[in-house]
């Protein structure tokens, strides 16, 4: 067993255990922390695949920005108390069964497929380096890159508009 | 590493996300499960791109491998924009109902 395989299985077990704990644990803050562990494990997978740019972006954007936003919202609303009411056991069981059925279908499909035993290039290849990705991004994909800035602007305006306190409904003007 | 292990890992993460969406009632945790599903798909895309990098047909045109990773990058961009709007909606929900339980969102039912 090579060092790459040991790292792969270690990171996979870490990601799966953290994901299960994220779903199962009661407190939202603990859930967010487990999700951050999942994101770091997935970044480790990206590094194993030599996709260095995506590994760094995953840590910065997901674990750094998005999860801090989630933590801010949870702490802003003071949700750390276990406020979730008693859940219906039947609904939990049905959700577990349906998710497990989907998993079984996917696994059964890939065991029949012909690509299942193809090898993945683990260490080598320079396609995921920042230099190559930057060249592709700013030559072939420059228009989607610019459009994504418009998307960010509209998301920012939308978040501000939605999150704003609606004072006009309290004090109707005109009359 | 064979591609089937990556497919299995991504499918397992995706199904854990689906089980979370179906069973939890806290809207913030449902939102985080959606992020988990995004990440499972991203991991699978990167693994497939590296699988094609090893195949012989791609060796003549190496920019095909970069395309998949650019695609993952744009998925992350869209996810970041989606999270900001979604969290604003959850904050507004909390302000109106003083709860983040999605079962209170059944006013369209009647």
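The values are calculated or read from the model by the stated rules, or taken from the named source; none is laboratory data. This is a predicted model, so every value here is computed, not measured. Positions of Cβ are backbone-derived with ideal geometry, glycine not excepted, and every protein chain shown enters the neighbour counts.
General remarks:
- Qualifying residue in the stretch B:25-42 (condition: more than 23 Å from residue A:6 (Cβ to Cβ), facing another protein chain (nearest Cβ under 8 Å) and not in a helix (DSSP H, G or I)): yes
- Residue match in the stretch B:47-55 (condition: in a loop (DSSP other than H, G, I, E, B), surrounded by fewer than 19 Cβ atoms within 10 Å (Cβ to Cβ) and either at the interface with another protein chain (Cβ under 8 Å from one of its Cβ atoms) or touching a residue at least 24 places away in the same chain (Cβ under 8 Å) (or both)): yes
- Residues that are assigned to a helix (DSSP H, G or I) and over 16 Å from the mean Cα position of the chain (by Cα), drawn from the stretch A:10-27: A:10, A:13, A:24
- Selection count, the stretch A:150-175, where residues are over 20 Å from residue A:69 (Cα atoms) and modelled with pLDDT of 80 or more: 1
- Filter result (touching a helix residue (DSSP H, G or I) at 6+ places or on another chain (Cβ under 7 Å) and either at pLDDT 90 or above or more than 10 Å from chain B (Cβ to nearest Cβ) (or both)) within the stretch A:72-94: A:80
- Check on residue A:115, at the interface with chain B (Cβ under 7 Å from one of its Cβ atoms), buried (at least 16 other Cβ atoms within 10 Å of the Cβ) and modelled with pLDDT under 90: no
- One residue stands out among those in the stretch A:118-129 that are more than 7 Å from chain B (Cβ to nearest Cβ) and more than 23 Å from the chain's Cα centre (by Cα): the one that is surrounded by the most Cβ atoms within 10 Å (Cβ to Cβ), which is A:126.
- Candidates A:56, A:36, filtered to the one that is at pLDDT 90 or above, over 12 Å from the mean Cα position of the chain (by Cα) and either under 30 Å from residue A:135 (Cβ atoms) or buried (at least 19 other Cβ atoms within 10 Å of the Cβ) (or both): A:56
- Residue within the stretch A:130-143 that is assigned to a loop (DSSP other than H, G, I, E, B) and either surrounded by 15 or more Cβ atoms within 10 Å (Cβ to Cβ) or at the interface with chain B (Cβ under 10 Å from one of its Cβ atoms) (or both) present: yes
- Looking across A:68, A:105, A:61, A:73, one residue alone is under 27 Å from residue B:1 (Cβ atoms), within 21 Å of the chain's Cα centre (by Cα) and part of a helix (DSSP H, G or I). It is A:61.
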